[in-house]
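What follows is a short report on a single structure.
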Amino acid sequence: MKSPTKKSVRPGSLGVLILAAGKGTRMRSELPKVLHPIGGRPMIYYLLRLANALKPEGIGLVVGHEIERVKKAVLDGVKDWGISRPVTFIHQKEQKGSGSAVLESMSFLKKHQTAIVTCGDSPLLTFDTMFSLLSGHRSEKHQVSLLTARFRDPKGYGRIVRSPMGEVLKIIEDSHCTPKEAAINEINSGTYCFEVELLTEAVKKLVPKGSKKEFYLTDCLEHIRSEGGRVTGFPSPSPEEALGVNTRIHLAQAERVLNRRALERLMLSGVSILDPNHTYVDVDVEIGQDSVIHPGTILRGKTKIGKGCEIGPFSVIQDSQIGNECSVINSYMEEARLHEKSSVGPFARLRPGTIAGPRARIGNFSEIKNSRIGYGSKVPHLSYVGDADIAEDVNIGAGTITCNYDGVKKNPTTIGAKAFIGSNVNLVAPVKIGRGATVGAGSTITEDVPDGNLAIARERQTNKVRK
Ligand code: UD1
Ligand code: CA
């Protein structure tokens with residue numbers, strides 16, 4: 001007689017189980033391993049995106065170490081990350097190894113006929129590889145398909161022991177390898193496709209092993225084989241995908257690969273990256289055709305750059321939008337927006353809330369914060385502009401600053417179109433400079449200037465004959 005759980009399994013139903021409960025001891029970090037940022041996203045994002053793309057009926061996420069922190073990051077992220085498939089959190093109370101993580105996940109797994117089991121520390125896996133693993137598993141009616149890879153240095157990974165006919169016999173963990181086994185360079189990626197019925201039986205037979213008395217998921221393969229099952233090894237077409245991030249060294253390796261992939265995607269879409277070895281972009285960065293990215297440029301977060309721009313050398317741009325034909329040379333931008341044909345730098349800093357252009361110019365040691373710089377307006381040298389609204393065709397002279405902070409609150413400055421502010425002016429906010437007004441160099445402006453007026457607020461020069 002069939003068990004009630006079996007009845008509820010839809011034929012062909014797929015579940016993806018991501019193991020992410022471990023502490024990540026080797027990272028030596030306060031931050032749970034799967035939340036470490038890479039390519040501008042927490043590591044777990046890549047696994048959830050991948051799982052989601054396989055269109056499973058459900059995604060199970062095994063959590064344990066710092067459970068609340070990991071859950072919160074995932075719950076806060078899922079919508080933004082485009083995760084549409086239901087995610088079930090599975091609480092592994094004691095981190096007793098990958099086998100125990102799967103054992104704790106039985107109620108999730110039993111809802112599915114087939115399960116992909118993967119590790120939260122494998123951010124380089126690609127959809128194409130996972131899809132091939134799954135399609136091969138299904139079309140060939142495999143019982144267990146195992147993603148493997150050949151590594152020049154297999155240290156730290158489970159080794160794949162095959163029969164002379166090439167059938168996978170077992171996986172031996174690194175710490176249990178004989179010298180002969182240690183020389184095997186085919187490794188376990190930690191990603192598997194199981195028929196759930198077989199996995200369920202095998203996982204029950206696991207016994208604790210090693211100095212930490214852990215249950216190894218990898219031992220399931222031998223149990224499945226002893227019941228007459230077959231395990232098929234599927235070597236990954238690109239071995240780098242099998243990287244498991246255990247230490248900060250692996251984290252840097254993974255970051256490098258994601259960076260390379262992002263740069264290749266951009267170059268193939270028509271962006272010139274002059275030196276890919278010295279250009280760093282997060283995975284979500286978008287850049288339009290015929291833009292040129294010079295060395296030493298770092299593009300972070302959700303930065304979006306238009307067509308025909310010149311960016312760098314040595315610019316850092318975070319979560320900013322840049323229109324077509326802009327240039328940003330040797331400058332910093334954060335949560336700022338540039339409209340087309342504007343130029344920034346060298347040596348400018350655009351802080352959050354800056355909106356400039358079209359055709360604006362911000363250069364040479366100017367800092368802008370929470371301000372609008374209108375069409376064709378210029379802040380070309382050594383200025384601080386904070387909480388200001390500057391209309392079109394305004395010229396701000398060298399060394400001019402808005403005195404926006406009175407020690408208690410931030411006050412606004414408004415400057416009308418075509419106003420001319422001379423050099424070294426202090427605009428003591430709140431203050432309004434009218435349309436077409438002129439402010440004499442060196443003035444400290446504390447009162448509003450009406451449209452078209454000339455304001456001078458400085459000591460008259462006296463020349464005295466020295467005795
Ligand atoms: C594991 C495999 C190894 C494989 C390697 C690939 C086992 C026993 N070994 O080793 O064969 O070559 O991955 O990268 O599976 N986890 C839990 N709960 C636990 C322990 C771990 O959820 O109690 C999770 C971790 O968060 C991690 C994953 O399982 O995402 C793998 O654990 P980890 O300790 O990194 O295993 P490895 O030593 O890398
Ligand atoms: Ca690992």
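The values are calculated or read from the model by the stated rules, or taken from the named source; none is laboratory data. Since the structure is predicted, the reported quantities are computational estimates derived from the model, not experimental observations. Positions of Cβ are backbone-derived with ideal geometry, glycine not excepted, and every protein chain shown enters the neighbour counts. All accessible areas refer to the heavy atoms of the entire protein, side chains included, with ligands and DNA or RNA removed. Shrake-Rupley method; radii C 1.70, N 1.55, O 1.52, S 1.80 Å.
Observations on the model:
- Peptides ranked, highest mean first, by Cβ atoms within 10 Å: ranges 315-324, 91-100: 315-324, 91-100
- Angle between the chain longest axis and helix 127-139 axis [Cα atoms, degrees, rounded to 10]: 20
- Each Lys or Arg adds one and each Asp or Glu takes one away; over the other residues whose Cβ falls under 13 Å from the Cβ of residue 326, this sums to +2.
- The amide H of residue 338, built 1.01 Å from its N in the peptide plane, has 321, 322, 323, 356 as neighbours under 5 Å, considering only residues 5 or more places off or on other chains.
- Average projection area in nm² (convex hull over Cα atoms of region 249-455, one quarter of hull surface): 11.3
- In this Cβ point-charge picture (+1 for Lys and Arg, -1 for Asp and Glu), the chain has a dipole of about 620 debye about its Cα centre.
- With a cut-off of 9 Å between beta carbons, the residues surrounding residue 39 carry a summed charge of -1, where Lys and Arg count +1 and Asp and Glu -1.
- Counting only Cα atoms, the chain measures 107, 46, 43 Å along its principal axes, largest extent leading.
- Prolate/oblate/rounded call for region 4-247, Cα gyration tensor, a/c under 1.5 rounded: rounded
- Gap separating the Cα centres of region 78-94 and region 389-467, nearest whole Å: 55
- Solvent-accessible area of residue 311 with every protein chain in place, 1.4 Å probe, in Å² to the nearest 10: 0
- For the chain, the longest principal axis of the C-alpha atoms and the axis of helix 248-268 are separated by about 70°.
- The HN-Hα couplings worked out from phi for region 281-290 by the Karplus form 6.51 cos²θ - 1.76 cosθ + 1.60 (θ = phi - 60°) are 10, 6, 4, 8, 5, 10, 9, x, 4, 6 Hz, whole numbers, x standing for Gly and Pro.
- Listed by chain and number, the lysines placed with their C-alpha closer than 22 angstrom to that of residue 110 are 2, 6, 7, 55, 93, 96, 141, 204, 205; residues fewer than eight positions away on the same chain are left out.
- Packing-based order for 302-309, 236-243, using average beta carbon neighbours within 10 Å, highest first: 302-309, 236-243
- Taking a straight Cα-Cα cut-off under 23 Å and skipping sequence neighbours fewer than 8 places away in the same chain, the lysines within cross-link reach of residue 180 are 155, 170, 209.
- Taking only protein heavy atoms and a 1.4 Å probe, the accessible area of region 4-247 is 53% carbon and sulfur.
- Amide hydrogen neighbours beyond the local backbone of residue 119, cut-off 5 Å, H modeled: 19
- Mean Cβ neighbour count within 10 Å, used as a protection proxy, ranking 189-195, 431-437, 384-390 highest first: 189-195, 384-390, 431-437
- Charge tally for residue 413 (other residues, Cβ to Cβ under 9 Å; Lys, Arg +1; Asp, Glu -1): -1.
- Selection among 424, 25, 187 by position relative to the dipole of the chain gives 25 as farthest towards the positive end (Cβ unit charges, Cα centre).
- For residue 273, the amide hydrogen comes within under 5 Å of the amide hydrogens of 293, counting only partners 5 or more places away or on other chains and with H modelled in the peptide plane.
- Averaged per residue, region 249-455 has 45 square angstrom of accessible surface, using a 1.4 angstrom probe with ligands and nucleic acids left out.
- Partners of residue 418 within straight-line reach, counting lysines whose Cα lies under 23 Å from its Cα and excluding those fewer than 8 residues away in the same chain: 341, 369, 378, 432.
- Annotation: Cα Rg of region 263-383 relative to the compact-globule expectation 2.2 N^0.38 Å equals 0.94.
- Protein-only accessible surface order, largest first, of 127, 89 at 1.4 Å: 127, 89
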